[in-house]
Amino acid sequence: YIGKLDAVVESAGIATNVGYFFGSLFWGQGYASEAVLALSNHLAMSGITQMHAVITLENIASGRVLEKAGFERLGVLPGSENIQELKDDEVEYLRLVTT
């Protein structure tokens with residue numbers, strides 16, 4: 001087990017909360033980039049036309065992973081994540097699938 005991927009698939013062709021987790025021993029080896037690209041391509045082939053993801057503002061590496069998978073940065077969501085009562089900024093990403 002090196003990590004996991006997930007997404008919430010809505011009936012209207014939208015996937016929200018596209019996300020992933022990989023153990024730190026596997027960072028920087030391309031596993032996340034390859035897996036997120038495969039997941040987003042699978043979702044696209046399954047009729048999903050919009051994929052949404054968010055990451056914490058400081059997580060630059062995850063931003064690169066999403067961009068390699070065809071996601072575009074939309075902007076910062078100030079104070080949108082609440083971890084142990086501390087507010088943190090997140091960055092929203094979107095991948096649109098055109099036919």
With +1 on the Cβ of every Lys and Arg and -1 on the Cβ of every Asp and Glu, the dipole magnitude of the chain about its Cα centre, in debye rounded to the nearest 20, is 340 debye
Per-residue accessible area, 1.4 Å probe, largest first, puts LYS68, LYS4 in the order LYS68, LYS4
Per its Cα gyration tensor (rounded if a/c is under 1.5, else prolate when a/b beats b/c, else oblate), segment 4-45 is best filed as oblate
For the chain, averaging the sequence separation of alpha carbon pairs under 8 Å that lie six or more residues apart and dividing by its residue count, the contact order in percent is 25 percent
Reviewing (1) 1.15; (2) 1.02; (3) 1.07, the figure for Cα Rg over 2.2 N^0.38 Å actually calculated from this model sits under (3)
Over the chain, with neighbouring protein chains present, the accessible area per residue in Å² at probe 1.4 Å is 65 Å²
Residues whose modelled amide H sits under 5 Å from the amide H of GLU90, counting only those 5 or more places away in sequence or on another chain, are LEU57, LEU77, GLY79, SER80, GLU81
Rounded to the nearest 5, the percent of DSSP beta bridges in segment 1-90 running antiparallel is 85 percent
Counting only protein heavy atoms with a 1.4 Å probe and every protein chain in place, the carbon and sulfur fraction of the accessible surface of the chain in whole percent equals 55 percent
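The values are calculated or read from the model by the stated rules, or taken from the named source; none is laboratory data. Quick caveat, the model's predicted, so the values are computed rather than measured. Note that each Cβ is placed from the backbone with ideal geometry, even for glycine, and that neighbours are counted across all protein chains shown. Keep in mind that these areas ignore ligands, DNA and RNA; they rest on the heavy atoms of the full protein, side chains included. Shrake-Rupley method; radii C 1.70, N 1.55, O 1.52, S 1.80 Å.
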